[in-house]
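**Student:** One structure, pasted below without further comment.
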Amino acid sequence: MANYLINPWLEIQSMKEEIGRIMENALGSGRQSREKVAYFQPAADVYETTDTLVIQLEMPGMERESITLETKGQTLWVYGERRMEKDASGSDYHLLERSYGPFARKFVLPETADLQGIEANLERGILTVTVSKVGHSPVAVRRIQINEG
């Protein structure tokens, strides 16, 4: 199976944000300025079939023109920027939970990845990247004899 890339800091950041929301709601007005939102990290699922590797990323509200996919060696980069939908200058947000700003995700592709056979589709806020495999044949079961001495 392929190695799955997990960002251990994402869970810590999520917990930090949740504690911050709880504290603001309990002690303060709950208002946040848009300057507090520093980055956007789209959640991803990665799974493998016999002939493809599939990466799905959550991209709600994004247009395909604001997303870039590139390969650099065996690494697939997905980057872009999610901008706020409205210019709310002069407005006070009472709650701002959606994340905006630049993002970048990288996925190390297996050696069997066909770098020319990568397709991407953005539908209903999910970016699906399908990577074909080359030279992949099902692994046969082989019994290995253990010698004495």
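Read-outs throughout are calculated quantities, based only on the coordinates presented, and are distinct from any laboratory measurement. On a predicted model such as this, the values are computed, not experimentally measured, just so you know. Cβ placement follows ideal geometry from the backbone for every residue including glycine, while neighbour counts extend to all protein chains displayed.
**Student:** Rank the residues 133, 16 as a footprinting-exposure proxy: fewest other Cβ atoms within 10 Å of their Cβ go first.
**Tutor:** The most exposed by this proxy come first: 16, 133.
**Student:** So, one more: Can you give the extra length, in nm with one decimal, that the chain gains between residue 126 and residue 77 once fully stretched, where that is 0.36 nm per residue apart less the Cα-Cα distance?
**Tutor:** Full-extension gain reported as 16.0 nm.
**Student:** If R0 is 22 Å, what FRET efficiency do you get for residue 112 and residue 64 from their C-beta distance, rounded to 0.05?
**Tutor:** Result of the calculation: an efficiency of 0.20.
**Student:** List the GluC sites (Glu not before Pro) within region 45-134 that DSSP assigns to loop and that have no more than 11 neighbouring Cβ atoms inside 10 Å.
**Tutor:** Filter output for region 45-134: 63, 85, 97, 111.
**Student:** Amide H neighbours of residue 59 under 5 Å, at least 5 residues apart or on other chains, H built in the peptide plane: list them.
**Tutor:** Residues meeting the criterion, in which the H sits 1.01 Å from N, are 126, 127.
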